[in-house]
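Asks: Here you go, one structure.
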Amino acid sequence: MDEIKFDLGKNIHITAKESGAPRFGVESHWGLKIYELVDLAPDIVVRYAREGYEIEMKSLFSVTMYADAENNNDLALERVEFMYSPRAGKSHQQARALVDDLIRQFTKGQWKRRIRDTCPAVAGRSSYLNEHGKVDGSCPLDPAFQIPMQDWLPLMAMTQRYEWLGDGVIAELIIHYREDTDGVTYSIDVEFQDFAIENRRYAAQEASELAEGDKKGWNSTANHKKDLAKALLEVKRLEDNAVKRGDVLVSRN
């Protein structure tokens, strides 16, 4: 087994069979299917294999795949998570090199940076500065910007992410580190998910929670609309601040 490959959209059992992996651990929970590989050898190449969107990874600890019968799509693989081994990021320099390589691959492919509606559409350092110009990082980062180390350390201690869209799939690179008496240990994950399924599930959950809150007299729907309006005003302020400090606005995907 030198290479394992995955793509979304095909039956999870067939995907596992064709992946090149000899055997998966399998769980079932009320229609949810979970296939998992753990303790991978560090030299095994694992590939997200959709043409034009290929991402190659090594030094992974685990691969986890998900399919759900509620989607009525022949248990098509809707999500796959790749978790790097803690050994892959035992220093800031080692982790940054790994992250830089992943960003390079996303940039080389046909992926487009995703910017959420409640985040400023800005490039550069402004992608992680708050309204007061302080390092915050509550929105996904700009993959085209090389973060200086003095910002990298506080950012990644808080957990950060990069997000891309490509061919109906949302990809996320999630980074966090901790530092203790044993030194620096990074948690680095790459996730691919069917964007339409994610949106549908999120919208259904949000509608259910708002309806339940309204039923209990909390005025959840009205408050949600007010909160969204405030968030969009903050986005406008953050974009204005970015232009003032010399960063540029970018288009949303």
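Asks: How about the range 1-100: which chymotrypsin sites (Phe, Trp or Tyr not before Pro) there lie in a loop by DSSP and see at most 14 other Cβ atoms within 10 Å? If you can, show how the numbers build up before the last one.
Replies: Values: sites: 6, 24, 30, 35, 48, 53, 61, 66, 82, 84; in loops: 24, 30, 53.
Answer in residue order: 30.
Asks: Fully extended, how many nm does the chain gain between residue 144 and residue 207 (0.36 nm per residue separation, minus their Cα-Cα distance)? If you can, show how the numbers build up before the last one.
Replies: Numbers: separation 63, 0.36 × 63 = 22.68 nm, distance 3.52 nm.
Length gained between residue 144 and residue 207: 19.2 nm.
Asks: Still on this structure: Any idea how far apart residue 118 and residue 56 come out in nm if each label point goes 7 Å out from Cα toward Cβ?
Replies: 3.9 nm
Asks: Can you tell me how the chain classifies by the Cα gyration tensor, rounded, prolate or oblate, using a/c under 1.5 as the rounded cut? The partial results should precede the final answer.
Replies: Details: a/c = 1.84, a/b = 1.18, b/c = 1.56.
Note, shape of the chain comes out oblate.
Asks: Tell me, what is the percent relative contact order of the range 76-197, built from C-alpha pairs under 8 Å that lie six or more residues apart?
Replies: On the way: 189 pairs, mean separation 38.7, N = 122.
In percent, rounded to a whole number, it is 32.
Asks: Go through 33/226; 33/225; 134/225; 33/58; 58/244 and tell me which ones have a Cα-Cα distance over 30 Å in this structure. Walk me through the intermediate numbers first.
Replies: Values: 33/226 38 Å; 33/225 35 Å; 134/225 27 Å; 33/58 25 Å; 58/244 41 Å.
The answer is 33/226; 33/225; 58/244.
Asks: Quote the charge dipole size of the chain about the Cα centre in Debye, to the nearest 20; the model charges only the Cβ of Lys and Arg (+1) and of Asp and Glu (-1). Write out the running numbers ahead of the final one.
Replies: On the way: 34 positive and 42 negative charges, 148 e Å.
The calculated dipole for the chain is roughly 700 debye.
Asks: If we count trypsin sites (Lys or Arg not before Pro) as exposed when they sit in a DSSP loop and have at most 13 other beta carbons within 10 Å, what is the longest stretch of the chain that avoids them all? Before the final figure, lay out the partial values.
Replies: Values: sites that count: 23, 116, 134, 216, 245, 252.
Between the exposed loop sites, the longest stretch runs 24-115.
Asks: From the square roots a ≥ b ≥ c of the eigenvalues of the alpha-carbon gyration tensor of the range 147-253, which class results: rounded (a/c under 1.5), prolate (a/b over b/c), or oblate? Could the numbers behind the result be given before it?
Replies: Working: a/c = 1.70, a/b = 1.41, b/c = 1.21.
Prolate, because a/c is 1.5 or more and a/b exceeds b/c.
Asks: Separate question: Decide, for the range 77-191, between rounded, prolate and oblate: order the square roots of the alpha carbon gyration tensor eigenvalues as a ≥ b ≥ c, take rounded if a/c falls under 1.5, and otherwise choose prolate if a/b is larger than b/c, else oblate.
Replies: Numbers: a/c = 1.80, a/b = 1.12, b/c = 1.62.
It comes out oblate by the Cα gyration axes.
Asks: Another question, if that's okay. Compute the relative contact order of the chain as a whole-number percentage, counting only Cα pairs closer than 8 Å that sit 6 or more residues apart in sequence. List each step's numbers first, then the result.
Replies: Working: 444 pairs, mean separation 43.5, N = 253.
The value is 17 percent.
Asks: Same structure, new question: Can you tell which of 181, 154, 205 lies farthest toward the positive end of the dipole of the range 149-232, using +1 and -1 charges on the Cβ of basic and acidic side chains (Lys, Arg; Asp, Glu)?
Replies: 205
Asks: Given a Förster radius of 45 Å and the C-beta distance between residue 71 and residue 151 as r, what FRET efficiency does 1/(1 + (r/R0)^6) yield to the nearest 0.05? Intermediate values should be presented prior to the final figure.
Replies: Values: r = 40 Å, r/R0 = 0.88.
Between residue 71 and residue 151 the formula returns 0.70.
Asks: Okay, moving on. Can you list residues from other chains, or at least 5 along the same chain, whose modelled amide H is less than 5 Å from the amide H of residue 115?
Replies: Residues meeting the amide H criterion: 253.
Asks: With runs of 4+ DSSP H residues as the only contributors, calculate the mean residue ellipticity of the chain at 222 nm using -39,500 (n - 2.57) per run, divided by the residue total and rounded to the nearest 500. Numbers along the way, then the final one.
Replies: Working: 5 runs with 79 residues, N = 253.
Calculated from helices alone, the mean residue ellipticity at 222 nm is -10500 deg cm²/dmol.
Laboratory data are not the source of any read-out in this text; all were calculated from the coordinates shown. In this text the structure is predicted, and so the values were computed from the model without any measurement. Note: ideal-geometry Cβ built from the backbone for every residue, glycine included; neighbour counts use all protein chains shown.
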